[in-house]
Amino acid sequence: MSAPDARFAIMTDDNIQKQLKGLPVPEPRKEARDEAVQTAMAEFRRQFAETETTAKGFPASDRHKGKPLGRKGGPVMYKPFAITATVVVGLLVLTIAIAPNFVSYRSRGTPVEKRAWQVQMEAPGRSADSLGKDVHRKTQVAAAPAQARARNAYKAEEGILAPEPQYVGRDRFETTKTNPIKVVTEDPVSTFSIDVDTASYAFVRRALQNGHLPPRDAVRTEELINYFDYDYPVPTDRTAPFLPTLSVFPTPWNPDTMLLHIGIKGYDILPAQKPRCNLVFLVDVSGSMKSADKLPLLKNALRMLVENLSDEDRVSIVVYAGAAGTVLEPTPADEKGKILAALDRLTAGGSTAGGEGIRQAYALAESAFDPDGINRVILATDGDFNVGIRDPEVLKNFVERKRETGVYLSVLGFGQGNYNDALMQKLAQNGNGNAAYIDTLNEARKVLVDEAASTLFPIATDVKIQVEFNPAAVAEYRLIGYETRMLRREDFNNDAVDAGDVGAGHSVTAIYEIAPVGSAGRLVDDLRYSPSGSAAAPAEEMAYLKIRYKLPGESTSRLIETAVDRDRVYKTARRAPAEARFAAAVAAFGQLLRGDPYLKDFRWQEVEALARSARGEDRFGYRSEFLQLLRLAQSARAMGDR
């Protein structure tokens, strides 16, 4: 071949194809051949259906039945299509037979100027067989996420699974600063309200499963810890509904400090003791609720709750969009068909008059008030209130006043992109209720079915915890999480100060990191002109725990107290109770997500190892799911990155 011919041969596909023909062709895979035939036939049926729909000039019945109107058994206008479809099928099958592993450069995203197979053929020693296997392997890897997205898209349409939206960064969270180190000689008492909300964990999970890290303020470490049920001892006396579980052990991320683990589990009511429920579903049907992860998922979640109510319970439904309205008057739960039909009719559209809806929901709850039962408004929304009462303080004051009537407020959050977590937290905290974030039907089942008793039936209200540290034993401390629940020291004994409620059987965990006197883990120097507070001999008591609470319907608080003595100290973290170690792993997970400065060089892999060693019984798989989130967090990108 002359030089000019060689030059042109490089630039033409014909010569490349001639070169390829000289290479050994791999035997076609049966799966590839079958897949090609199925694809071709699917395309044939699709084009046939389109042609049949758009055909003109024949009676509708003939078109529908496909009667042979042409001279040779079919409509004349179908002939070009039939020939074309046959050619398409033949070409596709022929292509697979010749090169079963060929992948279009368009599907691989390779620039047209240099196709993938052209580039790889230039590499020395590459046969067509090895090239085909390599391309096929990469295609399978690339196809797996696409297949998963297709399955998830179908589930999203059915309201079973939230879709995978691109994060736009308009979710609103309250800005918080990490709890600081406190010096015991200066500030020996720590006081806070308990927090049984779990919304933060579900939001964090959704972010990680979508491939990005959550915003820092979306991570409330105490809610991550309290998402899980712990095998703490259950009290048997309803009037003393808590039995503290205490342990002290070396901090996994700092050998010079220790963790004080406080665990309590609420008294659990028997099914026969379950009080009647007067529930009002306050449902946001505004335009912002149209997406599959909002109203469709919301309706499925409430259906599950309705299916598990007792016949004596009552349900009402109020909706709000541009205006608020009653969809269902108070209805006995044994009329489930009527209640479910009302839910099915809900559709989204309009602006969000959330404040007006809350007013109407409380009015309906009060009209059907049950003095011997549970009276609760369940607000289901993305929190995007844009008409009516929008000032968070005004809404907070409104639900504060209404809780005095005996009607409590719980919040179920949905969606991402305009999710107003800050407002929903305020409403739940001041409405004597809890806040949950529903991202999947599994989460809805956890909150509204598996943990319905702890969600709906309070066993104690205004629960506060106060810990006094002994300066002879502890030099410094910091509370992990609870940044939005801190109280003043004097608030502990003031029954007029509101605090969190605990539902039946609910677990609550708090963890302090402490630096013992004389340890190298101290971060604050002693003052020059005041005593250090250290003692020559270690004290028997490290701290003193107080829990203050009110029984439902009472206005005067009660007190549980116990000392944290050295009998509760474990020399190594490995010997500490498994439940305490797992809670410590979740605490480390939250601090890493927030970027808190106290974990030194503790890495994701070490958090995973700690959690795995303490997983224990995992009835519903939540702890196994947590291990998967740990692995996702290691490769997640910051929100907003692509």
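The values are calculated or read from the model by the stated rules, or taken from the named source; none is laboratory data. It should be emphasised that the depicted structure is a prediction, and the values quoted were computed from it without experimental measurement. No Cβ is skipped: glycine too gets one built from the backbone with ideal geometry, and neighbour counts run over all protein chains shown. The area values use the complete protein model at the heavy-atom level, side chains included, leaving out ligands, DNA and RNA. Shrake-Rupley method; radii C 1.70, N 1.55, O 1.52, S 1.80 Å.
Just one of the numbered conditions (1) open to solvent by 50 Å² or more (accessible area, probe 1.4 Å); (2) under 30 Å from V447 (Cα atoms) is not true of R566: (2).
The selection criterion, being surrounded by 17 or more Cβ atoms within 10 Å (Cβ to Cβ), at pLDDT 95 or above, within 29 Å of the chain's Cα centre (by Cα) and farther than 30 Å from E393 by Cβ, does not hold for V280. Inspect segment 576-588 for any residue being more than 30 Å from A638 (Cα to Cα), in contact (Cβ under 8 Å) with a residue 60 or more places away in the chain, open to solvent by 40 Å² or more (accessible area, probe 1.4 Å) and among the hydrophobic types (A, V, I, L, M, F, W, C) and give the result as yes or no. No - not one qualifying residue is present in segment 576-588. Please verify whether K338 is open to solvent by 20 Å² or more (accessible area, probe 1.4 Å), touching a Leu at 6+ places or on another chain (Cβ under 7 Å) and modelled with pLDDT of 95 or more, treating the condition exactly as stated. Here the answer is no, as K338 does not meet what is asked. Scanning segment 503-524 for residues that are farther than 22 Å from R220 by Cβ and aliphatic (A, V, I, L, M) returns A504, A515, V517, A520, L523, V524. Checked against (1) open to solvent by 50 Å² or more (accessible area, probe 1.4 Å); (2) of a type outside the set (S, T, N, Q); (3) on the phi < 0 side of the Ramachandran plot, G595 passes all but a single condition, namely (3). Condition test on G413, is it under 18 Å from L302 (Cβ atoms), of a type outside the set (S, T, N, Q) and in contact with an Asp or Glu (Cβ under 7 Å, 6 or more places away or on another chain)? In short, yes.
Note on segment 207-227: residues that are surrounded by fewer than 24 Cβ atoms within 10 Å (Cβ to Cβ) and of a type in the set (K, R) total 1.
Every residue, every condition in (1) among the aromatic types (F, W, Y); (2) over 22 Å from N226 (Cβ atoms); (3) free of Cβ contacts under 8 Å to residues at least 60 places away in the same chain, yes or no:
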{"position": "R548", "(1), (2), (3)": "no, no, no"}
{"position": "V564", "(1), (2), (3)": "no, no, no"}
{"position": "R568", "(1), (2), (3)": "no, no, no"}
{"position": "K571", "(1), (2), (3)": "no, yes, no"}
{"position": "L592", "(1), (2), (3)": "no, no, yes"}
{"position": "E606", "(1), (2), (3)": "no, yes, no"}
{"position": "A609", "(1), (2), (3)": "no, yes, yes"}
{"position": "R612", "(1), (2), (3)": "no, no, yes"}
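For T509, are the conditions met, namely being of a type in the set (V, I, T) and out of contact with any helix residue (DSSP H, G or I) (no Cβ under 9 Å at 6 or more places or on another chain)? Spelling it out, it is not the case that T509 is of a type in the set (V, I, T) and out of contact with any helix residue (DSSP H, G or I) (no Cβ under 9 Å at 6 or more places or on another chain). When F620, F602, F626 are checked against the criterion of being farther than 28 Å from G417 by Cα and open to solvent by less than 70 Å² (accessible area, probe 1.4 Å), a single residue qualifies: F602. For segment 175-225, a residue qualifies if it is within 10 Å of the chain's Cα centre (by Cα) and of a type in the set (A, V, I, L, M, F, W, C), and the qualifying residues are A199, A202, F203, V204, A207, L208. Scan segment 171-182 residue by residue and report those that are crowded, with 21+ Cβ neighbours inside 10 Å and at pLDDT 95 or above. Residue satisfying the conditions is N179 alone. Taking every residue in segment 497-511 that is farther than 17 Å from I225 by Cβ and in a loop (DSSP other than H, G, I, E, B) and pairing it with any residue that is hydroxyl-bearing (S, T, Y) and open to solvent by less than 10 Å² (accessible area, probe 1.4 Å), at least 6 positions away or on another chain, the pairs with Cβ-Cβ distances below 6 Å are A499/S193. Applying the criterion of at least 1 residues that are acidic (D, E) and touching a Phe, Trp or Tyr at 6+ places or on another chain (Cβ under 6 Å) to the helices (runs of 4 or more DSSP H) found wholly in segment 560-642 leaves 578-594. Only a single item in (1) outside any loop (DSSP other than H, G, I, E, B); (2) under 26 Å from K446 (Cβ atoms); (3) not charged (D, E, K, R) is not met by T191, and it is number (2).
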